[in-house]
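Colleague: Following this message is one structure expressed as structure tokens.
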Amino acid sequence: MTVKPVHIIGGGLAGSEAAWQIARHGVPAVLHEMRPTRSTAVHKTGQLAELVCSNSFRSDDAEASAIGLLHAEMRRLDSLVMRAADAHKLPAGGALAVDREGFAAAITAALEREPLIEIRREEVLSLPPEWDSVIVATGPLTSPALAEAIGALTGESALAFFDAIAPIVHRETIDFDIAWFQSRYDKAGPAGSGADYINCPLTRAQYEDFVAALLAGDKIEFRDFETATPYFDGCLPIEVMAERGRETLRHGPMKPFGLTDPRHPTKKPYAVVQLRQDNKLGTLFNMVGFQTKLKHGEQGRIFRTIPGLANAEFARLGGLHRNTFLNSPKLLDATLRLKAMPRLRFAGQITGCEGYVESAAIGLLAGSFAAAERHGEEPRLPPPTTAHGALIGHITGGHVEMIDSGPRSFQPMNINFGLFPPLRHGGARDSKKPALCARALADLDAWIAAALPHAAE
Ligand SMILES: Cc1cc2nc3c(=O)[nH]c(=O)nc-3n(C[C@H](O)[C@H](O)[C@H](O)COP(=O)(O)OP(=O)(O)OC[C@H]3O[C@@H](n4cnc5c(N)ncnc54)[C@H](O)[C@@H]3O)c2cc1C
């Protein structure tokens with residue numbers, strides 16, 4: 001009996017990995033890639049899996065870094081992206097950097113050689129009803145016609161916008177001798193307790209120094225193609241607000257009203273920075289209203305001057321760039337299918353992960369889920385303790401939608417330890433990372449072994 005192909009739209013990091021995994025599972029795939037016929041604002045070549053910016057896959061340390069752990073897991077899952085990266089790596093200390101041309105050429109050649117994969121160089125403008133299994137992996141620069149078709153299906157008002165990203169801080173690095181939990185005026189809101197925010201108080205002198213540092217800080221300039229895209233929900237970067245007047249932030253995201261430090265009930269702070277819970281585990285908190293164009297090094301330096309954040313570690317720094325991504329926790333099911341139209345599955349950055357490796361990892365999962373379905377099997381989710389499980393958990397369910405009314409808060413994120421379920425026995429911060437990594441790899445191995453009962457016999 002002929003097996004119908006899975007259609008993959010987009011031959012970037014995620015789509016290439018998805019096609020490879022589908023073929024590995026003995027299922028045919030058609031990979032539709034619009035380049036070189038039509039390009040995006042940042043791609044330069046017609047190669048599959050082109051790296052659009054840096055050539056780094058970040059740390060390769062599988063014992064103490066979440067991204068290194070993701071590398072290790074992908075290698076165990078026979079990832080084509082990792083195979084090509086390892087074959088074309090360059091000296092870069094503890095990081096895995098690749099020769100971008102060799103890397104993309106290796107992926108393109110491997111997919112072109114694979115008999116179960118057909119590559120069609122064409123832009124997909126809509127989602128043909130006869131394609132009964134589709135993976136959309138068109139990335140942050142999805143072509144406008146397809147973005148519109150997806151937008152119509154999801155019913156969301158916007159799919160491509162400047163996402164104004166605020167930094168996210170690991171809760172355990174916040175100093176609670178200074179900060180305290182309280183919601184403004186102790187309001188509980190629809191899903192809160194009245195003490196949902198972490199508050200960092202500033203005196204007048206600290207506030208003025210902070211505003212001066214923002215004004216002087218080094219900022220990233222917009223690229224040409226970005227200037228035509230509107231700000232997401234009208235969010236302004238904090239440094240733009242600071243330029244409008246020294247008091248503007250104090251009447252915006254840093255307003256102190258309705259907040260009292262229980263240890264100093266009579267001493268009112270001049271300004272307050274609030275952090276809001278970002279994941280269900282309660283390990284990550286985002287800095288409310290702190291979207292910024294400051295360069296990453298500057299963010300670390302300036303934000304650590306905020307009382308309570310002197311030792312803050314950031315799971316993600318802020319930024320502003322054009323992006324296309326779904327409100328996945330609301331729209332996708334646990335195996336990345338659009339709830340409203342399950343024949344469509346999404347993969348890569350469009351689902352709300354961030355980064356080359358993360359995009360490829362989600363492509364890997366989407367490909368294996370789609371292949372399992374073609375074999376009439378239930379897709380198997382990776383354990384939540386693995387990097388793959390933590391990442392898909394963030395995308396499809398781990399996020400707090402919102403505590404109070406306001407814009408949607410789901411934002412693309414790199415893999416980081418804050419997305420993993422905490423260890424049962426806690427421990428010192430330094431020993432936690434190796435323990436989380438060891439747990440992840442052991443659980444991944446057990447998961448792989450369970451999928452291959454005959455191999456173990
Ligand atoms: C400007 C910019 C810089 C970035 N820099 C980095 C970085 O330095 N490091 C990092 O880790 N991450 C970076 N990212 C984030 C992200 O990791 C990459 O964008 C990554 O390539 C995402 O992988 P993907 O497979 O989801 O999308 P992509 O790799 O972009 O692949 C999507 C593919 O779909 C194709 N496509 C789009 N629409 C259609 C259509 N309608 N029909 C057919 N094909 C279509 C595109 O041509 C493209 O090949 C950057 C993102 C942007 C926008």
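The values are calculated or read from the model by the stated rules, or taken from the named source; none is laboratory data. These numbers come from a predicted model, not from an experiment. Cβ placement follows ideal geometry from the backbone for every residue including glycine, while neighbour counts extend to all protein chains displayed. To get the accessible areas, we keep the full protein, side chains included, count just its heavy atoms, and leave off ligands, DNA and RNA. Shrake-Rupley method; radii C 1.70, N 1.55, O 1.52, S 1.80 Å.
Colleague: Which whole-number percent is the relative contact order of the stretch 1-131 (Cα, under 8 Å, 6+ apart)?
Modeller: Details: 213 pairs, mean separation 40.5, N = 131.
This gives 31 percent for the stretch 1-131.
Colleague: Roughly to the nearest percent, how much of the accessible area of the stretch 83-144 is carbon and sulfur, given a 1.4 Å probe? Before the final figure, lay out each step's value.
Modeller: Working: 1670 of 3020 Å².
Taking all protein chains in place, the stretch 83-144 shows 55 percent carbon and sulfur surface.
Colleague: Here is a further query. How about LYS330: which aspartates and glutamates have a C-alpha closer than 13 Å to its C-alpha, ignoring those fewer than 8 places off in the same chain?
Modeller: Within the straight-line limit of under 13 Å, LYS330 reaches these aspartates and glutamates: GLU156, GLU401.
Colleague: Could you go through the stretch 391-397 in sequence order and give the Karplus-derived ³J(HN,Hα) for each residue, using 6.51 cos²θ - 1.76 cosθ + 1.60 with θ = phi - 60°, rounded to whole Hz, and x for Gly and Pro?
Modeller: With the stated coefficients, the stretch 391-397 comes to 5, 5, x, 4, 6, 9, x Hz.
Colleague: Kirkwood Rh, Cα Rg: Rg to Rh for the stretch 1-125? Walk me through the numbers on the way to the answer.
Modeller: Values: Rg = 15.0 Å, Rh = 15.2 Å.
Reported Rg/Rh (Cα atoms, Kirkwood Rh): 0.99.
Colleague: Cross-link candidates for LYS432: which lysines have Cα within less than 25 Å, leaving aside residues fewer than 8 places away along the same chain?
Modeller: Result set, ordered by chain and number: LYS280.
Colleague: Shifting gears a bit: Please give the calculated 222 nm ellipticity per residue for the chain, where each DSSP H segment of at least 4 residues contributes -39500 (n - 2.57) and the sum is spread over every residue; nearest 500 deg cm²/dmol?
Modeller: Working: 13 runs with 144 residues, N = 457.
For the chain, the value works out to -9500 deg cm²/dmol.
Colleague: Please list, in chain and number order, the residues 5+ apart from GLY11 or on another chain whose amide H is under 5 Å from its amide H, with Hs placed from the backbone.
Modeller: Those qualifying (amide H under 5 Å, at least 5 residues apart or on another chain) are MET34.
Colleague: Right, next: Add +1 for every Lys or Arg and -1 for every Asp or Glu among the other residues with Cβ under 14 Å from the Cβ of THR203, and state the total. Before the final figure, lay out the partial values.
Modeller: Details: positive: ARG204, ARG250, LYS267, LYS268; negative: GLU208, ASP209, ASP261.
Around THR203, the charge tally is +1.
Colleague: A follow-up question, please. For the stretch 346-353, in order, what is each residue's ³J(HN,Hα) by Karplus, 6.51 cos²θ - 1.76 cosθ + 1.60 with θ = phi - 60°, in whole Hz (x at glycine and Pro)?
Modeller: 10, 8, x, 4, 4, 7, x, 9
Colleague: Give me the net charge of ILE9's neighbourhood, meaning all other residues with Cβ under 11 Å from the Cβ of ILE9; Lys, Arg count +1, Asp, Glu -1.
Modeller: Working: positive: ARG120, ARG345; negative: GLU33, GLU122, GLU123.
It works out to a net charge of -1.
Colleague: For the stretch 39-163, with every protein chain kept in place, what is the accessible area per residue (1.4 Å probe, Å²)? It would help to have the intermediate numbers written out before the result.
Modeller: Numbers: 5360 Å² over 125 residues.
On a per-residue basis, 43 Å².
Colleague: While we're looking at this one, here's another question. Using DSSP, restrict attention to beta bridges with both residues in the chain and report what percent are antiparallel, rounded to the nearest 5. Before the final figure, lay out each step's value.
Modeller: Details: 31 of 48 bridges.
Antiparallel bridges make up about 65 percent of those DSSP assigns within the chain.
Colleague: May I ask you to derive the relative contact order of the stretch 277-389, considering only C-alpha pairs under 8 Å and at least 6 residues apart, and to give it as an integer percent?
Modeller: On the way: 96 pairs, mean separation 16.0, N = 113.
Over the stretch 277-389, the number comes to 14 percent.
Colleague: Within straight cross-link reach of LYS219, meaning Cα distance under 18 Å, which lysines are found once same-chain residues fewer than 8 apart are removed?
Modeller: Excluding near neighbours in sequence, the set is LYS293, LYS295.
Colleague: For the stretch 254-288, which trypsin sites (Lys or Arg not before Pro) are in a loop by DSSP, counting at most 16 other Cβ atoms within 10 Å? Please list the in-between numbers first.
Modeller: Details: sites: ARG263, LYS267, ARG276, LYS280; in loops: ARG263, LYS267, LYS280.
Answer in residue order: ARG263, LYS267, LYS280.
Colleague: Got the relative contact order for the chain handy, in percent, Cα pairs under 8 Å and 6 or more residues apart? Show your work: numbers first, answer last.
Modeller: Details: 919 pairs, mean separation 96.2, N = 457.
That works out to 21 percent.
Colleague: Taking K and R as +1 and D and E as -1, what net charge do the other residues with C-beta under 10 Å from the C-beta of ALA372 add up to? It would help to have the intermediate numbers written out before the result.
Modeller: Details: positive: ARG374, ARG380; negative: GLU373, GLU377, GLU378.
Net charge around ALA372: -1.
Colleague: Mind checking the angle between helix 144-154 and the chain's longest principal axis? C-alpha axes, 0 to 90 degrees, to the nearest 10.
Modeller: 80
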